[in-house]
1. As an exercise, use a Förster radius of 30 Å and the Cβ-Cβ distance of V239 and R155 to find the FRET efficiency, rounded to the nearest 0.05.
2. What list do you get for M24, M242, M66 if you sort them by fewest beta carbons within 10 Å?
3. Under 10 Å, Cα contacts only: if you run a Gaussian network model on the chain, which one of A122, A38, A100 comes out with the highest mean-square fluctuation?
4. Tell me which GluC sites (Glu not before Pro) from segment 182-231 have a DSSP coil assignment and no more than 12 other beta carbons within 10 Å of their own.
5. Place a +1 charge on the Cβ of each Lys and Arg in the chain and a -1 charge on the Cβ of each Asp and Glu, then give the dipole magnitude about the Cα centre in debye, rounded to the nearest 20.
6. Please return the longest stretch of the chain lacking exposed loop sites, where trypsin sites (Lys or Arg not before Pro) count only if DSSP places them in a loop and at most 10 other Cβ atoms lie within 10 Å.
7. If you bin every alpha carbon distance in the chain into 10 Å steps from zero, what whole percent lands in each bin?
8. Considering only C-alpha atoms, what is the centroid distance from segment 154-171 to segment 1-77, in Å?
Amino acid sequence: MIKTRKDGAIAWLVIDRPEKLNAMTIESWAEMGEKLAALSRDPEIRCLILAGEGRAFLAGHDVQEMKDHAREIDAGTFKPGKLHEMQKHLQETTRLIRKARFPVIAAIQGFAVGAGCEVTCACDLVVAAEGTQLGFPEVNVGVTITNGGSFFLTRKVGLARARELAYTGEFVDARRAETIGLVNRVVPAGEERREAERLARRIASRAPLAVQLHKTMLDRGLEASLDAMISFETEALVVTAMSDDHREGVAAFFEKREPNFKGW
């Protein structure tokens, strides 16, 4: 159900359950976590693209599995401890996306709702096909946002818009999502993967160490103080300024050529 492939410094992770609009099960969340962990250990990867086959990127959690769980709860056979364990699989994917050395780009189409919108929010950048629907319909089925959605949503769109999306369960289309900060780029339908790959290749051509440290710095900056971030910036600058890639970048600038960065 979860396919991966590499193309040079670019890796792809593709959800392949189009007949169910790529709705996820606990088993597929666990598989996704395993695949993300394996990709994160690959030193050659400089950018990862997440995508989904068919008419949707990821249309939330599988409703049949939710129905089965509700039946087990009624029967008294589904205990809170089991749900806690299951949640770990979902939320580990968010942790792995943020802990990955490289940026993660979501290429989305059709529906990126519920868990699909949560995964989208966890990614570094989002390229959306025209007409894509995004949102958090959890209140429509009586549950709450998970996978770090409540953490990222306010940071992306602000508290007022986050409240509206979370309280109403209503969807926004790609253009509106771009306006409020849920997505970075909107492209014609069918162009989302091509545009995501162009963006990924641009990122992969830049100095890997600097990109990696920028990812860490920007994440830390969401919660750290100004003094803490200034201190971290100094340490990051020392590391990058002493690197071979910095010397290569300066040489390439004066020689009017593209740099050949190695990642050290």
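1. Numbers: r = 26 Å, r/R0 = 0.87.
Given R0 = 30 Å and the Cβ-Cβ separation, E is 0.70.
2. Numbers: M24 28, M242 9, M66 16.
Least to most surrounded, the residues fall as M242, M66, M24.
3. Comparing A122, A38, A100 in a Gaussian network model of the chain, the most mobile one is A38.
4. Working: sites: E191, E192, E195, E197, E223; in loops: E191, E223.
Passing both the DSSP loop test and the Cβ count: E223.
5. Numbers: 37 positive and 38 negative charges, 83 e Å.
For this selection, approximately 400 debye.
6. On the way: sites that count: R41, K256, R257.
Longest gap between qualifying sites, sites excluded: 42-255.
7. Calculated over all Cα pairs of the chain, the distribution is 7, 28, 34, 21, 8, 2, 0, 0 percent.
8. With segment 154-171 and segment 1-77 each reduced to a Cα centre, they are spaced 24 Å.
Values in this text are rule-based calculations from the coordinates and carry no lab data. Please read all numbers here as calculations on a predicted model, not as lab measurements. Cβ: placed from backbone, ideal geometry, glycine included. Neighbour counts: every protein chain shown.
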